[in-house]
1. Quick check on Ser40: is it over 25 Å from Glu113 (Cβ atoms), surrounded by 11 or more Cβ atoms within 10 Å (Cβ to Cβ) and not acidic (Asp, Glu)?
2. Among the residues of the stretch 79-102, count how many are farther than 12 Å from Gly112 by Cα, part of a strand (DSSP E or B) and of a type in the set (Lys, Arg).
3. Right, Phe52: within 26 Å of Glu113 (Cβ to Cβ) and without any contact (Cβ under 8 Å) to a residue 12 or more places away in the chain or not?
4. Report the residue count in the stretch 26-52 for those that are at pLDDT below 85 and aromatic (Phe, Trp, Tyr).
5. Among the residues of the stretch 54-78, how many are touching a strand residue (DSSP E or B) at 6+ places or on another chain (Cβ under 8 Å) and not in a helix (DSSP H, G or I)?
6. Answer with yes or no whether Ile23 is β-branched (Val, Ile, Thr) and at pLDDT 80 or above.
Amino acid sequence: MDHMIIGLGMNYMTDPEIFPDDIKNRAGFLRKYAHRSDVSRNKLIAVFLNEFFKIYPNYRTGAFMNEYRKRSNIIGKQVSVLVSDRIVSETVKTIDDKGRLVLTDGTILVSGEVTKLREKGYDLHN
């Protein structure tokens, strides 16, 4: 893998009640810890960056991909992926060494917005 773009948001002081149920039931919120004097926004970001740079060498060598696959919550799951102006619905077979989604029908996706689907009333987000 030559490069990766990571989007990250942290709900530090956000009130979970302002989100719709489908989001607040799967998003994490740090608000209950934010009142502690030892958990400032600056300290949180510093700790995050320190942890990130501890694992960064594994990214450079590609050694992290097996761990990434092991922790993935979409491999083997039915997903809906918005790719440009179309939606692809299929089961994820694996994530290849370049970070692309490999679907069971052989499709390889480089980018797109992934949404896990609910099957038979079971919420796959949990």
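The values are calculated or read from the model by the stated rules, or taken from the named source; none is laboratory data. Every value quoted in this text rests on a predicted model; they were computed, and no experiment measured them. Counting neighbours? That spans all protein chains shown, and the Cβs are built from the backbone with ideal geometry, glycine included.
1. So Ser40 fits the description; yes.
2. 1
3. Criteria met by Phe52.
4. Matching residues across the stretch 26-52 total 2.
5. Here the count works out to 7.
6. So Ile23 does not fit the description; no.
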